[in-house]
Amino acid sequence: MDAETKIEFISENYPDCLICDGFDDAIMGIVERFGMNPVVLYNKNKCLRILQNRDGMTEEEAIEFYYYNIVGAYVGEYTPCFAEIL
């Protein structure tokens, strides 16, 4: 499924979920946990590559930006999750 189709699917089926602007290609799917709202799941490594390729950041800059501005940006109960794929 391409990024645009994923965004459409999320918008139609999970309208309350929050999307990280500019990271559509890193979307993996939806995460559900008992007693919590479903949220969008992103691939951490793809997010870091996007920051490096799109914004010209070094690996160190991308990691710092990722943790401070993306993971560190709690915006409520629909805040996305990030997975490190091994």
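The values are calculated or read from the model by the stated rules, or taken from the named source; none is laboratory data. Values in this document were obtained by computation on a predicted structure and should not be read as measured data. Here the Cβ positions follow ideal geometry from the backbone for every residue, glycine too, while neighbour counts run over all protein chains shown. To get the accessible areas, we keep the full protein, side chains included, count just its heavy atoms, and leave off ligands, DNA and RNA. Shrake-Rupley method; radii C 1.70, N 1.55, O 1.52, S 1.80 Å.
The single residue among Y66, Y78, Y42 that is in contact with a strand residue (DSSP E or B) (Cβ under 9 Å, 6 or more places away or on another chain), in a loop (DSSP other than H, G, I, E, B) and either open to solvent by less than 60 Å² (accessible area, probe 1.4 Å) or of a type in the set (A, V, I, L, M) (or both) turns out to be Y78. When the residues of region 45-63 are narrowed to those that are within 13 Å of the chain's Cα centre (by Cα) and not charged (D, E, K, R), which ends up most open to solvent (accessible area, probe 1.4 Å)? It comes out as N45. Being of a type in the set (G, A, S) and modelled with pLDDT under 95 is a property that A73 has.
Six or more apart or on different chains, Cβ under 8 Å: which pairs go from a residue in region 67-85 that's closer than 19 Å to M28 by Cβ and free of Cβ contacts under 8 Å to residues at least 12 places away in the same chain to one that's open to solvent by less than 100 Å² (accessible area, probe 1.4 Å) and in a loop (DSSP other than H, G, I, E, B)? Could you list them? Once the first residue is closer than 19 Å to M28 by Cβ and free of Cβ contacts under 8 Å to residues at least 12 places away in the same chain and sits in region 67-85, its partners that are open to solvent by less than 100 Å² (accessible area, probe 1.4 Å) and in a loop (DSSP other than H, G, I, E, B) give A73/T79.
I'm checking my understanding of the structure. Among residues of region 20-31 that are touching a residue at least 12 places away in the same chain (Cβ under 8 Å) and open to solvent by 60 Å² or more (accessible area, probe 1.4 Å), which one is nearest to C47 (Cα to Cα)?
Among those that are touching a residue at least 12 places away in the same chain (Cβ under 8 Å) and open to solvent by 60 Å² or more (accessible area, probe 1.4 Å), it is D25.
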